[in-house]
Each structure stands twice: as C-alpha cells, then as structure tokens.
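Participant: Got a structure here, written out as structure tokens. Questions coming.
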Amino acid sequence: MTDRNIVMNAEFCAVATAASVDGMHWCLMGVHIAGNDAVATDGHLLLYAPIEWADDQQPELHGAPVADQVTIPGKLIKMAQKLVGRGKKATPAIIANNQAALHRDGQVMRIQQEPITDTFPNWRSVLPKPDQAGAVQVIIHGNMLQRMADVCKIVGGRHTNAVRLTIVPDTNPTGATLNPIAAEFLGDDDRRVSGVIMPCMGPDN
C-alpha cells in the first residue's frame, strides 16, 4: 500500500447503511475514517469494520490520500454503488476523501460530493465491553433478525414500533447464552405479540 485510498468493498458498504439520512445531523451523514476502521451511525444503529486499503493494482483509480478522522459523504457512496454494478461484473470503487473512482465502459469515471467537515462524535465511548461483569453474549442467525423485522412491520404502528428482548445469562463453552430469548413486539394501541427466539451455538449452527 503506497497511499490511503479505500476499497469500497462489502464491509464498507454495509457500514454505510448506518449513516444518517435525515439531514439534521450533517456530521453523521457519511462513513467516518478512524485509523483503520470505517464507522457510521445515525444515533440509533452504529456499525464499524476494518478498512481494506487499496493496493497498487489499479493505480489509475487512486486519488489524494484519505486523511484520518475524515468523513466520506454518504451520497458519494450511494452514487458509486449504483455505478459499479452487482454480482460477478461488479468492480469496487476506490474512495479518496470526497471522491470515488471506478471503471465504467473501459474508462475511468470519477464522481465527487461536498466534503463533510463537521466533527464526528466519540463513537468508541458507546461500545459495549463484552468482558465486563454481567455481560451476556447471544448469537442469532441473520435470517431470524429479518423475520423479527417482518413481525415489527405487521404489529408496529406510527408511534410505537419496538421489540423488548429478555436475555437470561447462561454458561457454555462458546461463552454465549443458549437460553431461549423472550421477545415482545410492541405497536400502537397496545398491540403486542409475544414469542421466543432460540439462539445458536455459532454462526454455522
């Protein structure tokens, strides 16, 4: 790696989904670069992942080195995602501060957005500490989270749309609880559906 340009890979794009879009918090409307981590939040969901720094294989796409503690505009990321395509023909874009570059129709295409200069909040201060006393870990399949979201769409209302989870600590070799998780889906007018979510031993179980 000769510079600090970012590969817009799957992890980076996933982090970008947590960026704010309401226009009220300008500093949160993008992906923040903190050392080797990319982080985004809208104040309710925070996602972060290690950055894949671009190598020398596509030097024609590289731009100015990405500065530490800079925030990449969310609009720039969405524009680049629409242009790179999907599946096997997808070509990841290279991010350089407020500019993205990609190959399209045999040419190098560059797009820009207004940079975000507001200060990003101290996101590490809200990270839970898994090793602290009383902490409980639980593993749930991703499709289960989607099913929970589907229930929320049915039960939830305009003012109330939430899930209350009750997790009971347990001890097993994986360090994660295997006890059933009580779930209560809440909606307007006291609508509610109760249920139980079964955790798993690991991501492959």
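Participant: Looking only at residues that are modelled with pLDDT of 90 or more, within 22 Å of ALA133 (Cα to Cα) and hydrophobic (A, V, I, L, M, F, W, C) in segment 158-181, which one is nearest to the chain's Cα centre (by Cα)?
Facilitator: Going through the qualifying residues, I end up with LEU165.
Participant: Return the residues of segment 35-57 that are in contact (Cβ under 8 Å) with a residue 40 or more places away in the chain, farther than 12 Å from ILE72 by Cβ and surrounded by 14 or more Cβ atoms within 10 Å (Cβ to Cβ); say none if nothing qualifies.
Facilitator: Correct list: THR41, LEU46, TYR48, GLU52, TRP53, ALA54.
Participant: Also, I was wondering about something else. Modelled with pLDDT of 90 or more, touching a strand residue (DSSP E or B) at 6+ places or on another chain (Cβ under 7 Å) and assigned to a loop (DSSP other than H, G, I, E, B): which single residue out of ALA64, ALA18, ALA40 fits that description?
Facilitator: ALA18
Participant: A further question follows. Would a scan of segment 143-156 turn up a residue that is part of a loop (DSSP other than H, G, I, E, B) and more than 30 Å from GLY35 (Cα to Cα)?
Facilitator: Yes: one or more hits.
Participant: Okay, next question. Can you find a residue in segment 112-127 that is part of a strand (DSSP E or B), in the same structural domain as ALA67 (by TED's automatic domain parsing) and out of contact with any Ser or Thr (no Cβ under 9 Å at 6 or more places or on another chain)?
Facilitator: Checked against the condition, which is being part of a strand (DSSP E or B), in the same structural domain as ALA67 (by TED's automatic domain parsing) and out of contact with any Ser or Thr (no Cβ under 9 Å at 6 or more places or on another chain), segment 112-127 yields at least one hit.
Participant: Inspect all residues belonging to segment 77-92 and state whether any of them is part of a loop (DSSP other than H, G, I, E, B) and modelled with pLDDT of 90 or more.
Facilitator: No: segment 77-92 contains no residue that is part of a loop (DSSP other than H, G, I, E, B) and modelled with pLDDT of 90 or more.
The values are calculated or read from the model by the stated rules, or taken from the named source; none is laboratory data. Quantities reported herein were computed from a predicted structural model and do not represent experimental measurements. Because the Cβ atoms are built from the backbone with ideal geometry, glycine has one as well, and the counts that use them run over all protein chains shown.
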